[in-house]
2 protein chains.
Amino acid sequence: MMNLAPILSETLDAATKGYPPSRPALPISAIGAERWSLFAGDLPLPQAVIRDSALAHNHAWMRDFTASTGVLLAPHGKTTMAPQIFAQQLAAGAWGITVANVQQLGICVRFGVRRVIMANQLLGAAEVGAVIRLREAHPDLEFHFLIDSQAQLASIEHLAASQKISRKVTALVELGVPGGRTGCRAYNEALAVARAVAASKIVALSGLECYEGLQVSGDSGRDEVVVAALMQRVQDVALACDREGLFADPTIILTAGGSAAFDIVARDLPMRLSKPVLTILRSGCYVTHDSGFYNRMLEGVKARSGAAWQARPGLQAALEVWSQVQSCPEPGLAILTMGKRDASFDLEMPIVSKRYRPGTDAAPQPVPASWKIANMNDQHAYLRFSAGADATPQVGDLVGCGISHPCTTFDKWRALFTVDDDYRVTGAIRTFF
Amino acid sequence: MMNLAPILSETLDAATKGYPPSRPALPISAIGAERWSLFAGDLPLPQAVIRDSALAHNHAWMRDFTASTGVLLAPHGKTTMAPQIFAQQLAAGAWGITVANVQQLGICVRFGVRRVIMANQLLGAAEVGAVIRLREAHPDLEFHFLIDSQAQLASIEHLAASQKISRKVTALVELGVPGGRTGCRAYNEALAVARAVAASKIVALSGLECYEGLQVSGDSGRDEVVVAALMQRVQDVALACDREGLFADPTIILTAGGSAAFDIVARDLPMRLSKPVLTILRSGCYVTHDSGFYNRMLEGVKARSGAAWQARPGLQAALEVWSQVQSCPEPGLAILTMGKRDASFDLEMPIVSKRYRPGTDAAPQPVPASWKIANMNDQHAYLRFSAGADATPQVGDLVGCGISHPCTTFDKWRALFTVDDDYRVTGAIRTFF
């Protein structure tokens, strides 16, 4: 059970970007009762908001998807780094939480998560020491990290030699792809690392890992082949490790899966071994989804998943960044009060989706297709539009954007407000970056 | 006088990225006494550090530069959003602090800054209300914001109509350039806005503003022409406003200047009017400088500033992001434990500058010229190098990178450690994003 009380009792005030600048400080638990309205002018801009209804929909969608395929889910917590969202994910049936580093592991443990996969190599004196200390302090903590070289194993053994260890740390051997990121490139190399781990007095082998997401292109036919081939390689190594008795635990973990081709992982990674296999997806971005890259990738997921999933509404974009038109200095150009500090720009610019004119509109309106964010500076966005269009931005208009790649929007906000379908604030989600 | 006591007494712990994961929570004021060493393995990685000696050098350099040219400095606080650095800047003679939005203004006021320029348009109900409230609560607060349209002025007057205002808010009319960002494009347009402000019962005209930074290319001859032309346009409008008696205060503010061509601003913007003119630079990035864009631009500044400034050591890169080699999966490729969450990538990738092998090196070593960060994911960087070079990265090596564009590194860290020349932690700088 997670303990969110320290977060809910934490006080926010106007030192935090997005908090109403003239309102008194409030504990997070009390913010929803204020019923602040984005459209009534209660909030400063820019403002990153999470739509409750879309978030709830996505939790249910992924719960049903994983249930229908029989795989487990350890959603990647690095996306949101929000224990309040981790708690929702666990309540929706997630097996555990995935993290990217030891600071993120510490956040999980602090707020009560007890099954964590670190989808990254463990190394470094401070990090190895902290992992051992956390495991010793929390005997119920199940934690698996990645290992992809004997040099890394030797480093961990060296750093752990002086520490008291009442149980071995558990690691997943990572398989990678040529030209890719981390992970053993070759079968023999992976098997050699697995054998070395199995022989270690400090580390035990708990399974295998890979990440297919960097290979996914959106070309569904190509993605099928590439991802299926990687899953086959994991299975080949798993079979060899199992034959040699290298897996130490009563269950064997096989894990892969971002948010772009998790259906192929769920279909092709499960296998039978001599002990029960836990097949674990690590999708992170599904939880808020997006209006760009992952939204495009979802088309492939749905197309590959059969008629029932095509008929069902897909994941919904829950994360929006709202800003205000501050200047209309030239025909076809409006400058908005958001920038690289506020919204993702690493895969593409924010996607303009809604507008609202205070004092005129009763609800947000759709935007003409010509409206595009052409560029962003640190604190400004350039909205380009066809000057002859039926709707023209005016100074003071609110503009809502979807984003592409939620990870790089979440990390720009220390707290994000959740909103109902009328864009009234229902609460605040605290992030830990 | 700034009051940093609330920051210095604030407690940091391992929930904050970069804090040693096994150390107890400490107030910021107590962190320096721990003498944590980057190279002794006391700190987790990645780690963004500010080199004290370079920071102090840059404060002195800019103090001397502005003193030698007679202009004032209101450094852009959005770069660091660190009141502790604002205090250093004011102690080094800065006239005030520049901000980009009302949340940043609130941070300045909270910690005692009493002269603030918001180099951005003021608008929005929450924002206008907050500005009025802050000014009423702090009669000693001098605050100037930008205005570039009569629509913006009308919106402010509408929003302020219901508020008690014992003194007018003060605004700078912004001049822009065709194809640029905000700001009046034409002389007549700027003059019309200035007249409307001068006639307002809510807003008073305190000066003129422009931002030349987006036009600077690094081609020194071209930059001279472009920036000088923009300064001339500001002077033309200033002269007209002065003749018409539109400026309300006993002094007139003329302000421009980022960190790429501030020398041209300092040379060409000052002018005589009927009242004393305060010429104010707003450079922000100079304070930590960088190893990329601004370092290249500094060459132009020095070349244009005469023999004395060419002979003198220039600004120094104070901000570095250190990470660790976590995997060497292929010849010529090492994967580092830092990513888009940790270091600037908007102008270019981080610039590899130092390496340190724990247990072997006594001090950081230079890196071969072939070492380049080719790409970053959220939490990983791809270090490419010539496989035949004399030095080859190994798993566990520390790698130090300079960055390009400090603004987009500062906003990724809630606290950054300051370090001495041996990379021992001397304190922590808290940011407010």
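Here, each number is a calculation from the coordinates, and none is a lab measurement. Remember, predicted model here, so these are calculated numbers, not experimental data. Virtual Cβ from ideal backbone geometry, glycine too; neighbours counted across all protein chains shown.
For B:S353, the residues whose modelled amide H falls within less than 5 Å of its own, excluding neighbours fewer than 5 places apart on the same chain, are B:G400, B:C401, B:G402. Plainly put, the tip 7 Å out from Cα toward Cβ on A:S53 is 6.1 nm from that tip on each other copy, the closest given first.
The C-alpha atoms of chain A define a longest principal axis, and helix A:150-160 lies at about 90 degrees to it. Treating r as the C-beta distance of B:N3 and A:A192 and R0 as 41 Å, the FRET efficiency rounds to 0.10.
Region A:205-308 gives an Rg/Rh value of 1.02, both radii derived from C-alpha positions and Rh following Kirkwood.
The ratio of the alpha-carbon radius of gyration of the protein assembly as shown to the globular-protein estimate 2.2 N^0.38 Å is 0.96. Return one number: the angle in degrees, 0 to 90 and rounded to the nearest 10, between the long axis of the Cα atoms of helix A:187-198 and the longest principal axis of the Cα atoms of chain A. For helix A:187-198, the angle is close to 70 degrees. Tell me the angle of helix A:220-243 to the major Cα principal axis of chain A, expressed in degrees between 0 and 90 and rounded to the nearest ten. Orientation of helix A:220-243: about 30 degrees from the principal axis. The rotation axis taking chain B to chain A passes closest to the C-beta of one chain B residue; that residue and the distance in whole Å read B:R414, 4. Between the listed residues A:T251, A:V226, A:Y187, the Cα displaced farthest toward the positive end of the dipole of region A:174-304, a dipole computed from Cβ unit charges relative to the Cα centre, is found at A:T251.
In this rough spin-label picture, where each label sits 7 Å from Cα along the Cβ direction, the B:R133-B:R243 distance is 4.4 nm.
Over region B:198-334, what is the mean sequence separation of C-alpha contacts under 8 Å (at least six apart), divided by residue count, expressed as relative contact order in percent?
Numbers: 179 pairs, mean separation 30.4, N = 137.
Here the relative contact order equals 22 percent.
Rounded to the nearest 20 debye, the dipole size of chain B about its Cα centre is 680 debye, using +1 on the Cβ of Lys and Arg and -1 on the Cβ of Asp and Glu.
Within the shell of other residues whose beta carbon sits under 13 angstrom from the beta carbon of A:Q310, the net charge comes to +1, with Lys and Arg scored +1 and Asp and Glu -1.
Ordering B:W322, B:G396, B:I7 by the projection of their Cα atoms onto the charge dipole of chain B, which places +1 on the Cβ of Lys and Arg and -1 on the Cβ of Asp and Glu, puts B:I7 at the extreme positive end. Place a point 7 Å from Cα of A:H158 in the direction of its Cβ. Which residues in region A:188-207 have their backbone N less than 19 Å from it? Only A:193, A:196-197, A:200-203 pass the distance filter. For A:G284, the residues whose amide H sits under 5 Å from its own are A:H76, A:S259, ignoring neighbours fewer than 5 places away on the same chain, with H placed 1.01 Å from N. Note on region B:318-433: Cα-only Rg and Dmax are 14.0, 45 Å.
Provide the percentage of antiparallel DSSP beta bridges, counting only those with both residues in chain A; round to the nearest 5.
So the antiparallel bridges in chain A amount to around 50 percent.
From the alpha carbon centroid of region A:246-274 to that of region B:358-433 is 34 Å. Alpha carbon centre of region A:16-68 versus region B:114-180: separation in Å? Distance between centres, Cα-based: 28 Å.
Dipole magnitude for region A:274-433: about 620 debye, using +1 per Lys or Arg Cβ and -1 per Asp or Glu Cβ, origin at the Cα centre.
A convex hull fitted to the Cα coordinates of chain B yields 149 cubic angstrom per residue. Taking the Cα centre of region A:246-334 as reference, the dipole from Cβ charges on Lys and Arg (+1) and Asp and Glu (-1) amounts to some 480 debye. Under 5 Å between amide hydrogens, built in the peptide plane, is the criterion, and for B:L73 it picks out B:W95, B:G96, B:L281 among residues at least 5 positions away or on other chains. Among beta bridges identified by DSSP and lying wholly in region B:201-336, the antiparallel ones come to about 25 percent.
Each copy carries a label point for A:Q310 at 7 Å from Cα along the beta-carbon vector; from one copy to the others these points are 7.0 nm apart, nearest first. With coordinates expressed along the principal axes, the C-alpha atoms belonging to region A:1-138 extend over 47, 41, 25 Å, beginning with the largest.
Computed per residue of the protein assembly as shown from DSSP H runs no shorter than four, each worth -39500 (n - 2.57), the mean residue ellipticity at 222 nm is -9000 deg cm²/dmol.
Cα-Cα over 21 Å: which of A:K17/A:K372; A:K78/A:K201; B:K78/B:K412; B:K275/B:K302; B:K302/B:K354; B:K17/B:K372? Distance filter (> 21 Å) returns A:K17/A:K372; A:K78/A:K201; B:K275/B:K302; B:K302/B:K354; B:K17/B:K372.
Stretch A:L214-A:T360 to full length: gain in nm at 0.36 nm per residue minus the Cα-Cα span?
Values: separation 146, 0.36 × 146 = 52.56 nm, distance 4.52 nm.
Gain on extension, A:L214 to A:T360, equals 48.0 nm.
The other copies place their B:A391 label points at 5.5 nm from this one, listed shortest first, where each point is 7 Å from Cα along Cα→Cβ.
Quick one: compute the contact order of chain B, relative version, from alpha carbon pairs under 8 angstrom and 6+ residues apart, as a percent. Answer for chain B is 20 percent. For chain A, with a Gaussian network of springs between Cα atoms less than 10 Å apart, report the residue from A:L254, A:L281, A:L333 with the top mean-square fluctuation. Among A:L254, A:L281, A:L333, the largest mean-square fluctuation in the Gaussian network model of chain A belongs to A:L333. Each pair of Cα atoms in region B:271-331 enters the Kirkwood radius, and Stokes-Einstein at 37 °C and 0.692 mPa s then converts it into a translational diffusion coefficient of 215 µm²/s.
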